Each structure stands twice: as structure tokens, then as C-alpha cells.
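Quick note: the coordinates plus some simple rules give every number you see, no bench work behind them. Being a predicted model, the structure only gives us computed values, none of them experimental. Cβ atoms come from the backbone with ideal geometry, glycine included; neighbour counts cover every protein chain shown.
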Amino acid sequence: MEISDTPPLSKAPRSIPGKIYDVLSGFGLATITMLLLGLLTWFATLEQIDNGLYPTLTKYFDWKSFFLLPEINGKMVPLPLPGGYWVCAVLLLNLILGGIVRIRKGWRHYGNLIAHFGIILMLAGGGVAHHFSERGNMAVGEGESSNAAEDYFEYVVEATEIKDGKAGKIHVIRGKDIDDLQDAKLRTFRLPELPFDLQLTGYLKNAVPVSANERAPDRQQLITDGYFLMEKPKLAKAEEAERFTAGCYARILHRDGTKSEPFILAGASFRPFSYRYQDRVFTVDMRKRLWVMPFTLKLDKFTAAFHPGTMRPAKFVSEVTRIENGGEAKVTIQMNEPMRYEGLTFFQASYGPPGAGPGERMYSVFEIVRNPADKWPEYSLWIVAFGMAVTFLIKLGSFLATGSRKKRHV
Amino acid sequence: MSNSSSKAGRWIAAVLALLVLAAIFTNLVIDNMPKGEVRQVEGYTPWSEETLRIAEMLPVQNGGRIKPLSTFAGFTMLGLHGARSMEVEGSGGKVVRIKPTAWLMDSLFRPQLAIKLPTFRIDNSAVLEAIGVKPRGKRDRYSYADIEPGREKLVELAKTYEAIEKDKRDPVQAQTIDLAYNLRNYESLIGYFGFARFGVTLHGSGKKDVPDQHADISAVMATAPQIRQQIAQTQAQGQPMDSHLQSLMQQVFDAANFAKYGLFILPPADPKDPIWLSAGNAIMVPITETKIDPQLAIADIKVLESTARAVSDEGAFNKELVTLRDRLAKRAEARGEYRHVPLEASYYQKNWFLYALVFFVFGTITALAMCTAGQGKAALILYWTTLATTAAGLVYCIIPIVKRCIIMQRPPVGNLYDTIIFIAATSVLIALIMEWMTRRRFALGVAPILGTLLIILARRFELGDANDNMDPLVAVLNSNYWLTIHVLTITLGYSAGLLSAFMSFIYLLMRGLGLDDGDKDIRRSLTRAVYGMICLTLFLSLIGTVLGGVWANDSWGRFWGWDPKENGALLIVLWTLSILHARLGGYIKEWGMHFAAVFTGAVVTFSWWHVNFLGVGLHNYGFTAGKGTIWQFYIVILAILVFGVIARAIEGSGKARAAA
């Protein structure tokens, strides 16, 4: 007879909250949510062939997706499925209620308890990484140093005063504060250290300024200084989102209540918007966010090696010096061996210039990730492995001790 | 279950078993038979065994590593011919079987015979029709001499088709491009020793009515400083180059070009230089004044010339070939690159997996006999015979896997071919351990069948893929630590999943056909064993998947990227978790457990194989060999499930009638 991990239900009539609790913590819900998640994963795997990874993930696993209809080979499958985000949420609830709270407690069941706890930690790690991690990249040439990373996706608006040809303090408006300003929605940003405020509107995730003389606006967009913002087509692949260039309309609001003509801020522009006011010069720009590292990284040498006589990469190695507070440390960053330091992880991501000849000066591109849950999956792995090993070894022991081996046929 | 229905079930099982055996036997024979009709090649004589033994140990740089000539020959022949052997009718009407090293030796040293060999596999005769060559049938093999008249048209068509996007090319266009590349690669082999056979003609060297003289390329190379000096002088004087010198240089460049790509056989003297030279590269060394020692290049070319010219005299040829092999091997050894060449040559000579297959097939026959033999002495003998042959098959899988690890200097699994042989070995091993734990014969019965099917799959895959499966890995996979702990764990999960599916298939077959005589004890025992295998599958797949995430986090900076391979692994985890939770909740009992376990086979197949064909993701291998096999496997699984459902319905209605 199989050993059940959940205590049997009491024969006494259950209250409605009790019944809800039973359902939420039951094996039935666990089985259904895991099957649904499996089905969603399977459909998402097939659908990304035609539709690309990025839109498929949004369709299947975004919190805004409550129900969806899968597609295979471009044809809709008439099977409504719940959104993956909410299936995961229900599964997590079931895991906590059934796998931690309701599960039988005793030495034979501690393995399962530990494994469930490990999985919760893993899912929590995924959530923390999703909501709180930051990603960027840093390109450094051989012999050069850098202490700033550029975000892959986040566009910000920067305003600063130019004095003696140099930029003063940079005032940054973060992407999360402007990416909802679509269509006519506008927001004013107070800049107390500057003699004006900024009003932003008409934000587009991927757009370019286009001359109205060359092309007429297709959606009655605002034309300013002969240009309007044209939305670029949505891209399918996740990595293509890195090449998005955001844009919006802006207006300067003076303290005296007057305001400038609207102007375009665009990630695709080569130069910032320049503005003269009260004999002072200011610039306003839209660009990918830069974040400053707590240390400087100098690329001493980069090596790209290929298996002899082929274009099959063998190794990419960056030998760097980490400079901090006057101290220096030599570090090697290569594929599968990132540098982890002060909550940041540096990965070997790319290099250039493409097709560089011998002796040519190379540059190396590092992907930089700040993920508070960086090591959580690894910790949870050991917890889950231990828990499952305990459970299955107990079961194996019981199988060998009481199983049918005694009644062997040979 | 009544005796009559049990007897009928046994007959059905016996017929099924015979069909399976016949299919396996046919497959074995077809795989090992030379393909195409026996072509007559006038004057063809086989190479002696001694010559071939010397030749196969020549080191060659190819695919990013140093390998024996026999390996290079094997995969080149597989790529062009689609098989590792061919048969021709040679001198005196004698049928000769030509294997890879002999085929390559023909191509290099006897091109006049080689061009008549049916080297090229053409799967669609429309390709030949398009280039104006008369085809023999829809699918056949052709010699270079057959195709050569349409060569120009072929190149022209291939260039046109290459302009079409890869995904949009139709099969004929794709095969035309492939044939053009294959022809070019083959020409680089048959023209390789042209420099040695013809040398250069010194135009105007002969006196009146006397033919022009010939010289060796190596001799011209030795005079390179003087040639350069003369060219420099004429250039300084602003005069055109002497026509004799111009002709000489043109011949040298042509010879170098023909010998530039076929075979990278000359290890450089500088240990820091990783790239070996072809004969064509060596010819150009003294002429272009590179950093490479010109005297070494001249000496190398001299040895190659003597070898190629001695081909008509077997004794002399073997002597020259030994000199060449020893010279190259010594230099490769000094660079630390010859260590595994003899081991690899012997690996392919021994044909380990073919013997493993023979043992597994024999084990399958005795296992099927064992299942029908009951409990007597004969059954005991069959039990031990099955165990011995299966164990022998396992040993014949483990030895080559270990040898491959030594040759590749990495853990056993790094590509799809590796996974098949590893899963074959480990699933058999797990089945034998299961047998040791249960002693119920069902695990032993499954082991040789699974071994047989997987080794056939490995052979089929190697044929279809035709790529050297021991070539080095790309940078991101190049981590012995992660290859050991992640890849092996996940692959072991596949083994356990497939084994559980096969054991449940046995259960459905036994119960459905009444082979177990209604013995509940056997059923329970098999169910417990399958339950254990599902637990093992979950354990290995979950740990393997998370380890993969941790590896991805170290390589690409993200734990999970919804890559199809990652999703496939997650599907196994979710499916096995669902089975265990459904069982704990009482939603599935014995039948349900086995239906679910059989379906695990489909989930594992999707994760292991199918995702590789989707053409997206970071784990996409970009091949097409074996795609049809997946669908056949899915259909078999579906058929088993349908059979199980019918069997359950029949059993249910029987019980209902009995109760009434």
C-alpha cells in the first residue's frame, strides 16, 4: 500500500473555508496545475517557432494574460488555457498549503517537506530575479578602463546644464516613470535644481523620428520641427528587444508658467536636444540608462581562440584588472567562469571587432547582472536534492525490505 | 483470465515478437550491406591489408582536432556515399568490398580508378536531370565520371539556388547545392597528389625535336630564392616577367591550389602554431617567405612525391607510406598530438557497437523465449543466457564509451550521438540493477530489447548525420565539470524515463494479452518497479534541469530562458510530478500509472530528440537526420496506449459480466 503524504480528511462535515482549504492544498489541484503548466510549456515551445520567443512569453506567462488560445503552425487551437503566471501562482499557493502546512509531519515525510521548501525557495528566487534584477553590458577595449554599464532595455531621460563645454549634474528620469505615458497621457517631472520642469507624453517603446516631408504621419502623430515619431514594427526575438529605440514628446515648463514648443526625444537620435534659457545652455536626452559600478574594470588582454582550422569557438578569455579604492586585483573572465563581486556578476558575452586580424586591438563585451537571488537556485537545488534523496531512499529501502524480491521468480 | 484467452495472448505475443525480430534482423542486414548495384570498375585491384593498416594511422587535422586518416575517411565516405562500404567488380570479375580507408586511398593515389567508383549518393534523380545527366533510377549512387559531364551546369544551378533563403529552398534545390559542394570536396581529394604525379613542365627546356623536361615541385621549391630574386630584378627593371618563368609559376600555383584543401596532414614545426598544413600550403611556404621553415616544407613535399609515385609497386609504396607515417607521427608526437590517434584507429577497427548489437539481438531472442518458457529448467537456462548476453552487450557499450572519453578528453556526453549510446548503456545497466532488486525477469526481458533499439538508433543517426561525433565542443559547452554533473544527470533521467515506459509497455502487454495468468503479485511488483523508475526519472530530471539552470546562469547570466531544450526537461519534471501526485491523491491506480508511464516515453522523446528539430533556441543542433523516427515512435506509443485502453475495457466488461 502506498504511503500518503497528506493526512486523511476528517469524516466530520467541513465548513466552506475548510473545503476551500482542502481544495487549495490538495493533490488534485497540484496535479491539475502541473499538467496545465506542462501543457502551457509545450504549446509555448511550439509556438515560439512561428511567433518568436518574446511575444510567446508575453502571451503565455505575462501577469496580464489570464486566458489564451494556443497556436500551432500558425493555426489557432480551440483549447482555452489559463495564463501561465496565474497557474504558477496557484501552484505556489498549493505548494505552501499542501506541501508545507498540510503535509504529514514525521521522519518518513521530512524529505518531502524539505524538497517542497527547496522548490518554494527556487520559485521565490525566480520571482526576486524577475522583479529586482538588473542587466546591462560594458564594452571595454584592450588597455582601456570603464566603470559604467549600459542597461539592455531601460531608456531614461537625462537633463543637464552645459558649463564651459562640460556637462553638469545629470538629472535622470527613470524608464518606469515614463513607459506608461502612451498616446495623450502626460506627466510633469519637477527638476528643482534646474530653472524649468519637463513634461513628457506620447511614449513609444520602439520608435524613430521621421521627417514629415519624407513621409506623412500614419496615425495623426504630432509634427514638431518638421518631424514626428513613427512606431517601428514589434520584433519577435527576445534579443531584438535590446535593439529597441524608445521615443517620446517633451515640453519644457518654465517657472514663470510659460512653456517651450514640444520637441522629440528619441533613443535613435544621435544628439541630445539642446535648449538655451536665461543665457544658460541645457541638454535633454533620451538614452539607455547607465549605471555606475562600485569599481573600475581595465581590460588587460582579450583572447579569442578557435579550434584549429575551423571557425568553431574554443574559448574567449578576458584578463582584467579590478581597480577599487587604489587597490588592484587581477581576474580572468571567460565562458562558464564569470566574475562575481559586490553583488554584481560579469559574464563574457561578446567581443570585437568582427574578423579582427592578428595584432589588432580587441575589445570585450561583458554582460553585467545584479541579481539579489543569483545563488538561490543553487541553494534550492541542494535542498531539493537532499529532500528527494531522503524520500526516495526511504521508499527504496522499504521496497527492498518488504517488496516482492522475497518472492523472486529466479 | 481463462486458459484459452491466455493461450491466444501468448500466440499474439509470439507473432509480435517475431515481427519485432524480423524488423531488427532486416535493419541489421540492410545497414551492413553495401548500397547500390555492384559497379564494374575495370582494372580495380584492392589495397593490401598491410597498406591499409599503415595508411589508417596517418594523422590528419580535421574538424578542429587531430584524428587518424581512417576516421577522416569514414566520415567523408559517409557524407558522400551514405554508407561505410561499397562493392565493385574489379579485375577478373572479382567482387571487392571497399571500406573507407581504401576508398580514400583510391581517391588520393589512384584517381583514375576512383572516379569510376559509385561514390555519390543521389536521393532525387531530378537533381541529375536538371544538370543533363541521365539518371538510372529515382535514388541511386553515381561515380564522378557519371556526373562530370554536368559539372558546369551543376555549379551554375547551385550558385542560383544559393541566392534563395535556406528555409525557402525546395528539396531538389537543397540537394543540388549539396551535390555541388560534395563534388568540389571530392575534387580536392582526387586532385590532391596531382603535384606529385605530374610535377611541372619546363617549357622550352627540351632542344629541337626533344620533348620538354619535367621537374619535381620540391625541386622548384628549392630554387625559390633564385626565382624570387629573378622576379624582383625584372620588376626593378620594369620589364615583364620571362614567359618561361611565368609558365613555371602558374604551374606551381595550380599544383598548390589543387592540394590546398583536401588533407591537412603536415604538422608545423613550431609547437605554438596550432594549424597543420596541407601539401598546397607547404608548396607555397618557400615561395611566399612565411615564418615557416622552407627546408622542412621542401622535405615534406619530397616525401609526399615519393609516396605518390610509388603507388604502382605495392612493396615500394608501403615502404614510402611507412616513411611518411613515421615522419608525420613523430612530429605530431613531439607536439603532443599523436597520443590518441592509434587508440581512435583501433576504436573504429573494432566496431564495438556492432558487436554490442549482436549481443543484444541474441539477448532479445533468448529473453522472448524466456518469457514463454514458464518456470522450468529451460527457463532458468534462458534466464542466465539472457543475462550473460545482455551483460556482454553492456560491456561492449561501456568499453567504447570509455575509449571515446579518453580520445575526446571529456565526459561521455557532449552531442546527440553521445546521448544515444550513453542512454543505451545506462538504461541496460539500470534494468540489470532493477532485475537484481526484483528478480522477476521483466527488467531483464526489457534490457536487451531496449539495448537493441537504441544501438540501431545510434547507427541510423550516425549514417544520417555523417559528421564526426568526436569533434571538439564549442566554447560554451567546453566545461568538463558541467558536462559531468548536468549533462550526465539529465541524460540518466532520459534513460530512467524510457526504461519506465518500456516496463509499463510490458505490463500492458502482459495484462492485455493475459500473459501473466492474472498473477496479481507480478502485476504489483511491476507497478512498484515502474513507480520506482518514475521517482528516479523525477529525481534525475529535476536535479539535472536545475543544474542546467545554474550552468546557464554561469554562462549566459540567466537561470531560465525558455529555450526548447530547457522546456523539454521541465516537461519531464512536470509530467513525472503529476504522475506521483495523481497517484498519491488516488486519481490513478495500476492501469493509470502504466498509461502515464508509457506516455513518459513520448515526453522524454520530445525533450531528448524532438526539440532539436524545432530550429530555435541555443541547444538547436541544426540537423534533420532521424526526424521521421520520432513520429514513428510517437505512433508506436499511441498504439500501445490504444491497445491498453481496449484491454482495460475488455477486462472491465469481463469483470462486470462475472459480477452479474
Expected-Rg normalisation [2.2 N^0.38 Å, Cα atoms] applied to the range B:121-191: 1.04
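Apply the Kirkwood formula to the protein assembly as shown: the hydrodynamic radius equals the inverse of the mean of 1/r over all pairs of different alpha-carbon atoms; give it in Å with one decimal.
Computed over the protein assembly as shown, the radius equals 34.4 Å.
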Given charges at Cβ of Lys, Arg, Asp, Glu: chain A dipole, positive-most of A:LEU191, A:PRO55, A:THR45: A:THR45
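Please state the charge dipole magnitude for the range B:480-660, taken about the Cα centre, from unit charges on C-beta atoms (+1 on K and R, -1 on D and E), reported in debye and rounded to the nearest 20. Working shown, then result.
Values: 13 positive and 9 negative charges, 83 e Å.
About 400 debye.
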Inter-site label distance for B:ASP519 and B:LEU19 at 7 Å from Cα along Cβ, in nm: 2.6 nm
Residue pairs, from the table A:LYS298/B:LYS565; A:LYS232/A:LYS375; A:LYS166/A:LYS259; A:LYS288/B:LYS565; A:LYS166/A:LYS298; B:LYS350/B:LYS565, whose Cα atoms sit over 28 Å apart: A:LYS298/B:LYS565; A:LYS232/A:LYS375; A:LYS288/B:LYS565; B:LYS350/B:LYS565
Angle between chain B longest axis and helix B:590-608 axis [Cα atoms, degrees, rounded to 10]: 10 degrees
Given charges at beta-carbon only (K, R positive; D, E negative), |dipole| of chain B in Debye: 2180 debye
Stretchable slack from A:ARG219 to A:GLU193, in nm (0.36 nm times residue separation minus alpha-carbon distance): 5.7 nm
Centroid-to-centroid separation of the range A:46-70 and the range B:535-610 [C-alpha atoms, Å]: 21 Å
Label-to-label distance, nm, for residues given as B:GLN226 and B:ALA658 (7 Å Cα→Cβ offset): 10.3 nm
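Per DSSP H run of at least 4 residues, take -39500 (n - 2.57); add these up for chain A, divide by its residues and hand me the 222 nm value, nearest 500 deg cm²/dmol.
One gets -8500 deg cm²/dmol as the mean residue ellipticity at 222 nm.
Looking at the range A:152-290, what % of the alpha carbon pairs are farther apart than 26 Å?
Looking at the range A:152-290, the distances longer than 26 Å represent 22 percent of pairs.
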Likely footprinting exposure, B:SER48, B:SER125, fewest C-beta neighbours within 10 Å first: B:SER48, B:SER125
Sites B:GLU42 and B:LEU380 - FRET efficiency at Förster radius 60 Å, r taken between beta-carbons, to 0.05: 0.50
Pairwise centroid distance, computed over Cα atoms, of the range B:413-488 with the range A:337-395, Å: 28 Å
Percent of Cα pairs exceeding the 26 Å cut-off, where the set is the range B:195-339: 32 percent
Cα long-axis angle, helix B:352-372 against chain B (0 to 90 degrees, to the nearest 10): 20 degrees
If the convex hull is drawn through the Cα atoms of chain B, its volume per residue in Å³: 208 Å³
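How do B:TRP47, B:TRP11 line up, fewest other C-beta atoms within 10 Å first? Spell out each step's value before the answer.
On the way: B:TRP47 23, B:TRP11 11.
If I rank by nearby Cβ atoms, fewest first, I get B:TRP11, B:TRP47.
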Helical mean residue ellipticity (222 nm; -39500 (n - 2.57) per DSSP H run of 4+; nearest 500) of chain B: -22500 deg cm²/dmol
Modelled FRET efficiency - R0 41 Å, A:VAL101 with A:ASP179, Cβ distances, 0.05 increments: 0.60
Nitroxide proxy distance, nm - points 7 Å out along Cα→Cβ at A:ILE170 and B:ALA145: 7.4 nm
Degrees, to the nearest 10: A:110-132 long Cα axis against longest axis of chain A: 10 degrees
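Sort A:ASP164, B:ASP178, B:ASP418 so the one with the fewest other Cβ atoms within 10 Å of its own Cβ comes first.
A:ASP164, B:ASP178, B:ASP418
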Dipole magnitude (debye, nearest 20) for the range B:121-191, charges at Cβ of Lys, Arg, Asp, Glu: 200 debye
